[in-house]
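Below is one structure; the comments refer to it alone.
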Amino acid sequence: RRAAFNALRTEPPVTADGHRVTVMVNAGLRDDVAAVELTGADGIGLFRTEFQFLVSATLPARERQQRLYRDVLDAAGDKPVVFRTVDIGGDKALPYLDHDEAGEEENPAMGWRALRLALEREGLMKAQARALIEAGAGRTLNVMFPMVSEPWEFDEARAIFETQRAWLADRGRKLPNQIRYGAMLEVPALAEVLDLLLPRLDFLSIGTNDLTQFLFAADRAHPKLAVRYDWLSPSILRFLARVTAPARAAGVPLAVCGEMGGRPLEALALIGLGIDRLSITPAAVGPIKAMVRTLDRAAITAAMAGWLADPPADLRGTLTAWAAAAGV
Ligand code: PEP
Ligand code: MG
């Protein structure tokens, strides 16, 4: 099977009825970028910039950050890279950052992390913005903000980048040709105000790892709760359907970058919901491409609409049977 997946490296993920699906990879280290070439993926849909912070003994200086981002862009070549600004804090506390003002956190996943921390530690965010903008000189820079819960957080984060861009422009420095700003949808509250944010977004990416844990109030790493954390449950799928429609109407590209997209049955369901951009772990690219190439998108779209309106008792079982009967 591995040989069969390797043979798909140069084959595009097009469904049996001719719809092109975008399959990108998630990455976090310089060496991960090789996976784009090895798998034939369409780019990096999630570059977790906090990895460099987590593996460093001291706060990575702006120059070091910039070097990493430039190396990643060079290695990706013509293919797009989406840089997610740091998702640190909570359970990803750094020994060299003073997290004391967060106090003892009883629920670190819901704590002072990601944008919540970065918007208050403005020096950290400014340095990262400078590093990314400098690294993106002469190219398109895609920046994505994690844990956006309300539109103003996106606006503030974007403003920090725009201030850095203006500062560099004043000094005649070479800038990115374009900066595209996106948000992660992983805090359910954002869905309720998404219509207010969509006009300002260049893209949206759903982080199903955190989204699922917050939607079910079920810790994503808790073994006792794994059965409650089901990506193929009507709650998750209806939620995803509900945010897909306005994003499409607004013309905002929508992706899923959580682990859900790397599982063939789950990816099949996502495509049935109209989500055709996936960013997944590199090892999943072959299996997902293989699934996509045998899938009749029109058929799964119609089937999903029926299951969402009137969910069968065992949606996972129903999907499994559907895939087997369809030869997917
Ligand atoms: C997610 O939450 O789905 C996600 C992609 O981000 P992370 O796994 O890094 O929290
Ligand atoms: Mg997340």
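Read-outs: derived from the displayed coordinates by stated rules, not from any lab. Please read these numbers as outputs of a predicted model, since none were measured by experiment. Every residue, glycine as well, gets a Cβ built from its backbone with ideal geometry; the counts of neighbours run over all protein chains shown.
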Choose one of ALA75, LEU119, PRO95: the residue whose Cα lies farthest towards the positive end of the charge dipole of region 65-177 (beta-carbon charges +1 Lys, Arg; -1 Asp, Glu; about the Cα centre).
ALA75
P(r) of the chain over all Cα-Cα pairs, 10 Å bins starting at 0, rounded to whole percent, reads 6, 25, 34, 24, 9, 1, 0
On a C-alpha basis, how far is the centre of region 308-328 from the centre of region 37-78 in Å? Whole number, if you could?
39
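Please state, as a whole number in µm²/s, the translational diffusion coefficient that the Stokes-Einstein equation yields for region 123-264 at 37 °C and 0.692 mPa s, with Rh defined as the Kirkwood radius across alpha carbon pairs. Working shown, then result.
Numbers: Rh = 16.4 Å.
Translational D for this selection: 200 µm²/s.
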Given springs between every Cα pair under 10 Å in a Gaussian network model of the chain, which of GLY90, GLY123, GLY262 has the largest fluctuation?
GLY123
Exposed-loop-free span, longest in the chain, where GluC sites (Glu not before Pro) count as exposed if DSSP calls them loop and at most 15 other C-beta atoms lie within 10 Å
121-328
With springs only between Cα atoms under 10 Å apart, run a GNM on the chain and tell me which of GLN213, GLN65, GLN178 wobbles the most.
GLN178
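For a footprinting-style exposure proxy, rank LYS289, LYS174 by other Cβ within 10 Å, fewest first. The partial results should precede the final answer.
Numbers: LYS289 22, LYS174 12.
Ordered by Cβ neighbours within 10 Å, fewest first: LYS174, LYS289.
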Identify which of ARG316, ARG121, ARG277 has the largest mean-square fluctuation in a Gaussian network model of the chain, with springs joining Cα atoms closer than 10 Å.
ARG121
Could you state the angle between the C-alpha long axis of helix 285-294 and the longest principal axis of the C-alpha atoms of the chain, as a value from 0 to 90 degrees rounded to the nearest 10?
40
Based only on other Cβ atoms within 10 Å, what is the fewest-to-most ordering of MET184, MET304?
MET304, MET184
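Just the number, please: Stokes-Einstein D of region 149-200 in µm²/s, Kirkwood Rh from C-alpha pairs, 37 °C, 0.692 mPa s.
Stokes-Einstein gives a translational diffusion coefficient of 262 µm²/s.
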Which of the lysines could a cross-linker bridge to LYS174, judged by Cα under 22 Å and excluding same-chain residues fewer than eight apart?
LYS79, LYS126
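Run lengths n ≥ 4 of DSSP H only: what is the helix-derived mean residue ellipticity at 222 nm for the chain, with -39500 (n - 2.57) per run over all residues, to the nearest 500? Spell out each step's value before the answer.
Values: 15 runs with 148 residues, N = 328.
That calculation yields -13000 deg cm²/dmol at 222 nm.
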